[in-house]
Amino acid sequence: MAHLWSGRFEGDPDAALVEFGRSFGFDRRLFEDDVRGSMAWAAALERAGVLTGRDAAAIQSGLRDLLSDRVRESFFDSPAAAADEDVHAFVERELVARIGEAGRRLHTGRSRNEQIAVDLRLYLKRRIPELQDDIVSLVGVLAGAADSAGQALMPSYTHLRRAQPILAAHFFLAHAAAFRRDHARFSGLLNDADELPLGSGAIAGTSYAIDVDALAKELGFSRIVRNSIDATGDRDIVATFLYASALAMVHLSRLAEDVILFTSEEFGFFELADTAATGSSLMPQKKNPDPMELVRGKAGRVIGRLTGWLATMKGLPIGYSKDLQEDKEALFEAEDTLRASLAATASVVKGLAVNAVAAGRAASGLLLATDVADYLVEKGVAFRDAHAVVGALVLRLVREGRSFDDLTIEEWRSHSPLFDPDVRTAITAAASVAKKRTPQSTHPDAVAASLAELQTWLATQR
Ligand code: ARG
């Protein structure tokens, strides 16, 4: 059996070890990118006077045929392909099978080390925009949920204890804000990936007169890598992709956790659509949020891929080592997991209904304590003193199992003479949100403005 490198050996490699080293089972996903890179490389060799016009033309047409043959179901599964080491070997063998001798000149001045580097960059430049579209779809669903929540109130939580009233819309927009950062992070990665590594050779550069600027232009890269040694052993873009994906999964997991909690009997602020829930084989009453639990669970895998990949890279000497082949399964699994989780989450959130009565009920009560303190501050009391007065009042109410709304004016006044009768109507959840002033706050106008800003952003993404 001939490998791309068999000439140097007297005997065949051990079959099990060949199998152990093969990456064609998964790097076939880079097929289109590999062919594109090869087309551009053949053109660069021709411009450099290395390939005749005839050979270059034969290579281009052979590669084009390969791209169109790709649609065949069994394309990757021919008996010959079963022995290909990786996608680069596959493409070269298929090309030679189609055009003969000229195909054997394509690899002149080039190494698989730079080929895989360019393939990964082309792949990310092609796939990240699709992933970003999935993020945009989820953000669109969150914007829709914010819109339909209207003026519904709910409690916010810190330390998972009731904190202050908010608009339910503000809650949905909070999650949207995190996913917009994810979107921007992937845009940053697109910029990182925008460097042409070809011309680096195996490590030291190439001895042929390759016009790398023209090659970059042809492949849509705006810059050339700085250093051939670094370029052939650098997988920062994979690490960054895994980080961006892991963090997006963390954001999905936190949203999933909120949905799981807030749709439970204990909270009951939102209701899951029947289409987004599952039942129990034993307990007839159950309506379980399985898809959200899976999203929360799958975040662990992607975090694992990130930490695993960092561990793989940390001991490597500069330049290419075969360890780097491990990048692809990490990258593809993270990508698939993230995209599936974005879609599942969008579908669940789309079906959420806000239970404005239950959520609003939970938004009143002792979580209005800050508003009571602010009431005293407005009458001139120092905030720290107001905090102490209201703290004592809360302590009493907790002991008596009561809340602000059933205090008589005499009882209010027994805690401070500054409480006027209007306190009995001033302290409500709706008044609390209406008192907020800053643009990032839960004031209904601020929330409406940020929803409008989000919708403008969404419109520019489609
Ligand atoms: N399959 C290899 C990888 O993914 C391609 C580069 C191989 N280079 C080499 N010298 N073996 O990393």
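The values are calculated or read from the model by the stated rules, or taken from the named source; none is laboratory data. Keep in mind that this is a model prediction, so the values were computed, not measured. Positions of Cβ are backbone-derived with ideal geometry, glycine not excepted, and every protein chain shown enters the neighbour counts. What goes into the accessible areas is simple: the full protein's heavy atoms, side chains included, and nothing from ligands, DNA or RNA. Shrake-Rupley method; radii C 1.70, N 1.55, O 1.52, S 1.80 Å.
Observations on the structure shown:
- Cα convex hull of the range 225-380, projected area averaged across orientations, nm²: 16.2
- Counting only protein heavy atoms and using a 1.4 Å probe, the accessible area of F76 comes to about 20 Å².
- For a straight C-alpha distance cut-off of 20 angstrom, the lysines reachable from K328 (same-chain residues fewer than eight places away being disregarded) are K125, K298, K314.
- Fully extended contour minus Cα-Cα distance, from A358 to A177, at 0.36 nm per residue: 62.6 nm
- Its Cα gyration tensor gives the range 38-152 an equivalent ellipsoid, and the semi-axes of that ellipsoid, as √(5λ) in whole Å with the largest first, are 42, 18, 12.
- Stokes-Einstein D for the range 353-432, Kirkwood Rh over Cα pairs, 4 °C, 1.567 mPa s (µm²/s): 99
- On the principal axes of its alpha carbon atoms, the range 331-378 extends 58, 26, 14 Å, with the longest extent given first.
- Gyration tensor verdict on the range 9-60 (Cα atoms; rounded if a/c is under 1.5, prolate if a/b is larger than b/c, oblate otherwise): oblate
- Relative contact order for the chain: 17 percent, from Cα pairs under 8 Å spaced at least 6 residues apart, divided by residue count.
- The overall shape of the range 325-462 is prolate: from the C-alpha gyration tensor, with semi-axes ordered a ≥ b ≥ c, the ratio a/c is 1.5 or greater and a/b exceeds b/c.
- Per-residue extension of 0.36 nm, minus the Cα-Cα distance of E32 and E101, leaves a gain of 22.6 nm for this segment.
- Taken one residue at a time, the phi angles of the range 275-287 give Karplus couplings (6.51, -1.76, 1.60, θ = phi - 60°) of 5, 10, 10, 10, x, 10, 6, 10, 9, x, 7, 6, 10 Hz. Gly and Pro are set to x.
- For the range 321-330, the Karplus equation 6.51 cos²θ - 1.76 cosθ + 1.60, evaluated at θ = phi - 60°, returns couplings of 9, 5, 3, 4, 4, 5, 4, 5, 5, 5 Hz by residue, with Gly and Pro reported as x.
- Protection-proxy order for peptides 315-323, 440-448, 279-287, 142-150, each taking the mean of Cβ atoms within 10 Å per residue, highest first: 142-150, 440-448, 315-323, 279-287
- Loop sites here are GluC sites (Glu not before Pro) outside DSSP states H, G, I, E and B with no more than 15 other Cβ atoms within 10 Å. The longest part of the chain free of them is 267-462.
- Mean residue ellipticity at 222 nm, helices only, the chain: -20000 deg cm²/dmol; runs of at least 4 DSSP H residues each add -39,500 (n - 2.57), and the sum is divided by the number of residues.
- Distances between placed amide hydrogens fall under 5 Å for I166 paired with M154, S156, all partners being 5 or more residues away or on another chain.
- Using the Cα coordinates of the range 64-116, the gyration tensor eigenvalues translate into equivalent-ellipsoid semi-axes of 19, 14, 11 Å, sorted from longest to shortest.
- More than 35 angstrom apart: percent of Cα pairs within the chain: 50
- If you look at the Cα atoms of the range 162-227, you get an Rg and a Dmax of 21.7, 69 Å.
- Between 0 and 90°, nearest 10: helix 383-400 axis offset from the chain longest Cα axis: 80
- Accessible area per residue was computed with a 1.4 Å probe on protein heavy atoms; Y375 scores about 20 Å².
- Cut-off under 5 Å, modelled amide H: who pairs with F270 long-range: T263, N355
- Between A459 and D323, the C-beta separation translates, for a Förster distance of 51 Å, into a calculated FRET efficiency of about 0.70.
- Ranking M249, M39 by solvent-accessible area of protein heavy atoms (1.4 Å probe, all protein chains present), from largest to smallest, gives M39, M249.
- Alpha carbon centroid spacing (whole Å) that separates the range 24-98 from the range 413-429: 79
- Of the listed residues T460, T438, the order by accessible area with a 1.4 Å probe, largest first, is T460, T438.
- Acute angle (nearest 10 degrees) that the helix 112-149 long axis makes with the longest principal axis of the chain, alpha-carbon atoms: 20
- Cut-off 12 Å between beta-carbons: net charge of the residues surrounding V225, Lys and Arg +1, Asp and Glu -1: -4
- Rounded to the nearest 10 degrees, the angle from helix 444-461 to the longest Cα principal axis of the chain is 10 degrees.
- The amide H of T278, built 1.01 Å from its N in the peptide plane, has N288, D290 as neighbours under 5 Å, considering only residues 5 or more places off or on other chains.
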